[in-house]
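Report on the structure given below.
Derivation of every value follows stated rules applied to the coordinates shown; laboratory data play no part. This structure is a prediction, so every number in the text was calculated from the model and none was measured. Cβ coordinates were reconstructed from backbone atoms using ideal geometry, including for glycine residues, and neighbour counts include every protein chain displayed.
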Amino acid sequence: DQQVKQNSPSLSVQEGRISILNCDYTNSMFDYFLWYKKYPAEGPTFLISISSIKDKNEDGRFTVFLNKSAKHLSLHIVPSQPGDSAVYFCAARASSNTGKLIFGQGTTLQVKP
Amino acid sequence: GAGVSQTPSNKVTEKGKYVELRCDPISGHTALYWYRQSLGQGPEFLIYFQGTGAADDSGLPNDRFFAVRPEGSVSTLKIQRTERGDSAVYLCASSPLRASSYNEQFFGPGTRLTVL
């Protein structure tokens with residue numbers, strides 16, 4: 001039972017354009033969501049997060065949107081840069097179990113110069 | 001170093017052998033987590049510690065897997081009678097203070113375990 005799903009295994013975007021990565025979840029107990037970026041041979045690096053009391057959180061070029069009714073979140077990267085090329089993981093946590101992150105399968109983003 | 005470190009970076013073993021994987025969390029972080037990542041998948045939760053005690057071990061797949069954190073800092077993940085299906089990258093993460101809703105987890109580079 002995949003509680004967090006990233007249905008697009010890969011995404012290719014031209015440098016300077018917007019990258020939109022999507023994530024869906026099924027568990028209504030999730031109340032905190034995170035995005036991690038992972039380069040080959042490295043561990044995931046925290047990028048941005050959002051609490052369920054908000055519908056948007058912005059940090060520089062990165063914005064995360066949360067649609068609770070649709071159980072959907074998205075990460076927008078504007079403008080995209082070649083250094084953004086990596087695997088992006090969406091993760092979720094329930095307040096009842098704050099130590100356990102549930103991850104999606106990941107989306108490989110390629111930003112072409 | 002300032003980040004989470006894991007040793008060894010790579011481990012190759014034979015089916016049936018015992019392995020230990022070590023994690024050194026960021027200094028001062030009280031919460032420590034273990035995840036396993038198989039090829040093409042996201043990290044899968046195994047266990048987390050708050051201090052020395054395992055607060056949630058619901059992700060350990062079976063009793064061949066065990067983890068300790070005796071002094072509340074370094075942790076060791078132990079796998080007995082390894083099987084080929086145990087091959088994966090084992091990730092360790094830590095976070096400051098208590099595991100709370102607004103604490104991100106900081107990951108190490110992982111140990112790639114290959115069981116032949």
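Structure above, values below:
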{"read-out": "Pairwise centroid distance, computed over Cα atoms, of segment A:40-113 with segment B:49-95, Å", "value": "26"}
{"read-out": "Calculated FRET efficiency for the pair A:Gln110/A:Ser69, C-beta based, R₀ 30 Å, to 0.05", "value": "0.40"}
{"read-out": "Whole-number D in µm² s⁻¹ for segment A:1-72, Kirkwood Cα-pair radius fed into Stokes-Einstein, 10 °C, 1.306 mPa s", "value": "116"}
{"read-out": "Dmax and Rg, reported as Rg then Dmax, of the protein assembly as shown (C-alpha, Å)", "value": "17.5, 51"}
{"read-out": "Residue order, fewest to most beta carbons within 10 Å, for B:Thr52, B:Thr111", "value": "B:Thr52, B:Thr111"}
{"read-out": "Backbone N within segment A:39-73 under 18 Å of label point (7 Å from A:Ser28 Cα along the Cβ vector)", "value": "A:52-54, A:67-73"}
{"read-out": "Listed pairs A:Lys37/B:Lys11; A:Lys5/B:Lys78; A:Lys5/A:Lys100 exceeding 20 Å between Cα atoms", "value": "A:Lys37/B:Lys11; A:Lys5/B:Lys78"}
{"read-out": "Average other protein chain Cβ within 10 Å of Cβ, residues A:88-97", "value": "3"}
{"read-out": "Kirkwood Rh and Cα Rg combined as Rg over Rh, evaluated for chain B", "value": "0.95"}
{"read-out": "Exposure proxy ranking, count of Cβ atoms within 10 Å, fewest first, for A:Trp35, B:Trp34", "value": "A:Trp35, B:Trp34"}
